[in-house]
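First the structure, in the form of structure tokens, and then the observations on it.
The values are calculated or read from the model by the stated rules, or taken from the named source; none is laboratory data. Please read all numbers here as calculations on a predicted model, not as lab measurements. When we count neighbours, we look across all protein chains shown, and the Cβ atoms used for this are built from the backbone with ideal geometry, even at glycine.
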Amino acid sequence: MSGICDGRVVVVTGAGRGLGRAHALAFAAEGARIVVNDLGVGLDGTPGPDSPAGRVVAEIHAAGGEAVAHGGDIATPRGAASLVTTALETYGRLDTLVNNAGFLRDRMLVNLDEDDWDTVLRVHLTGHFLPLKHAAAHWRAEARAGRPPAARIVNTSSGAGLLGSLGQGNYSAAKAGIVALTLVAAAELARYGVQVNAIAPAARTRMTERTFAETMAAPASGFDAMAPENVSPLVVWLGSAASTGVTGRVFAAEAGRITVMEGWRPGPTTDKGARWSPGEAGEAVRKLLTEAEAPGAVYGA
Ligand SMILES: NC(=O)c1ccc[n+]([C@@H]2O[C@H](COP(=O)([O-])OP(=O)(O)OC[C@H]3O[C@@H](n4cnc5c(N)ncnc54)[C@H](O)[C@@H]3O)[C@@H](O)[C@H]2O)c1
């Protein structure tokens with residue numbers, strides 16, 4: 001197996017199934033050696049019987065690639081740190097981190113209890129921050145030792161984090177946080193040779209196969225647009241040395257489509273040069289809104 005990731009070592013979190021599995025197989029097919037992480041939890045994060053990471057490692061070996069399983073929880077300091085040590089102890093290097101693991105606890109906000117809020121924020125947002133922090137510390141040390149890396153981080157946001165999604169207040173907030181984390185990490189880590197981008201994917205996995213059963217179903221023949229494997233080529237390219245110069249970006253990826261997502265930037269503005277009264281501010285806002293673009297619809301609204 002060889003290609004644009006020859007010689008690279010890639011960690012993919014939550015790679016036991018769904019999108020993460022597809023990314024791991026696609027990186028391996030391009031010559032990378034993979035740390036396949038998965039804790040093996042249920043759709044709502046409840047403990048599962050075993051980690052599916054070993055099965056994906058077996059698939060990569062069967063295809064002639066190299067991979068090692070990691071069954072830790074990426075949202076704990078120990079699990080996150082051991083992602084990096086597993087890569088270094090097994091393969092002697094780390095080049096790319098794909099943050100992907102996560103699960104859902106969907107509820108309307110009035111029914112969302114604090115545990116469902118904390119748990120989802122923890123697995124997605126903390127589960128991105130901690131692996132990123134440990135990988136970045138390694139790459140900073142490499143840069144300082146005179147071995148500047150061509151390191152890459154690919155984070156996983158969601159349309160829910162960009163536009164909002166009904167019944168997913170916790171998940172949307174976490175995924176929006178991942179976008180902000182991506183922007184800050186790209187700016188802070190550029191000096192160490194680390195590029196950081198995010199994707200907002202859509203694909204048929206256990207996370208979506210029930211809610212979008214009809215729209216995501218595999219066709220009897222032809223292009224299976226919603227297969228998770230369709231998202232992975234972009235992730236592999238972003239995670240390769242070939243993506244030099246691309247950092248701090250968010251890409252939507254679905255089927256055969258790649259879209260650069262353009263974020264918040266100032267729209268219509270007005271300046272009184274002095275303090276407004278509330279009534280005046282309201283009048284100014286109503287006028288500005290007639291000039292502003294309407295926001296995209298919240299998913300499910
Ligand atoms: N499927 C989609 O359409 C879609 C859309 C937008 C965003 N996403 C995001 O893509 C990512 C992958 O989702 P998927 O659809 O493949 O879901 P999935 O449930 O098939 O896979 C997620 C994997 O993460 C693992 N995991 C969960 N918590 C973990 C932890 N603490 N440590 C290690 N592993 C853990 C699970 O065991 C599971 O195998 C998620 O971040 C999800 O929010 C998916």
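When you scan the range 50-58, do you find a residue that is part of a loop (DSSP other than H, G, I, E, B), at pLDDT below 95 and more than 22 Å from the chain's Cα centre (by Cα), even just one?
Yes: the range 50-58 contains one or more residues that are part of a loop (DSSP other than H, G, I, E, B), at pLDDT below 95 and more than 22 Å from the chain's Cα centre (by Cα).
Just for the range 153-169: of the residues that are more than 8 Å from the ligand (Cβ to nearest atom), surrounded by fewer than 24 Cβ atoms within 10 Å (Cβ to Cβ) and not polar (S, T, N, Q), which one is nearest to His23 (Cα to Cα)?
The residue in question is Leu162.
Looking only at the range 240-272, which residues are closer than 30 Å to Lys287 by Cβ and of a type outside the set (Val, Ile, Thr)?
Met261, Glu262, Gly263, Trp264, Arg265, Pro266, Gly267, Pro268, Asp271, Lys272 - these are the residues of the range 240-272 that are closer than 30 Å to Lys287 by Cβ and of a type outside the set (Val, Ile, Thr).
Give the range 254-301 a look and list any residue that's within 30 Å of Phe212 (Cβ to Cβ) and hydrophobic (A, V, I, L, M, F, W, C), or say none.
Hits for the range 254-301 are Ala255, Ile258, Val260, Met261, Trp264, Ala294, Ala297, Val298, Ala301.
Can you work out which of the residues in the range 200-215 that are of a type in the set (A, V, I, L, M) and out of contact with any Ser or Thr (no Cβ under 6 Å at 6 or more places or on another chain) is modelled with the lowest pLDDT?
Ala213
Per-residue answers, yes or no, for (1) out of contact with any helix residue (DSSP H, G or I) (no Cβ under 9 Å at 6 or more places or on another chain); (2) aromatic (Phe, Trp, Tyr); (3) in a loop (DSSP other than H, G, I, E, B):
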| position | (1), (2), (3) |
| --- | --- |
| Pro131 | no, no, no |
| His134 | no, no, no |
| Pro148 | no, no, yes |
| Gly177 | no, no, no |
| Leu183 | yes, no, no |
| Arg191 | no, no, no |
| Gln195 | no, no, no |
| Arg204 | no, no, yes |
| Met207 | no, no, yes |
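Please go through the range 230-278 and pick out each residue that is in contact (Cβ under 8 Å) with a residue 60 or more places away in the chain and not in a loop (DSSP other than H, G, I, E, B).
Of everything in the range 230-278, those that are in contact (Cβ under 8 Å) with a residue 60 or more places away in the chain and not in a loop (DSSP other than H, G, I, E, B) turn out to be Ser232, Pro233, Val235, Val236, Trp237, Leu238, Ala241, Ala242, Ser243, Val250, Ala252, Met261.
Inside the range 216-226, can you point out the residues that are within 11 Å of the ligand (Cβ to nearest atom), surrounded by fewer than 21 Cβ atoms within 10 Å (Cβ to Cβ) and either modelled with pLDDT of 95 or more or in a loop (DSSP other than H, G, I, E, B) (or both)?
none
Need the failing condition index for Gly193 against (1) within 16 Å of the ligand (Cβ to nearest atom); (2) within 23 Å of Gly7 (Cα to Cα), just the number.
Among (1) within 16 Å of the ligand (Cβ to nearest atom); (2) within 23 Å of Gly7 (Cα to Cα), the lone unmet condition for Gly193 is (1).
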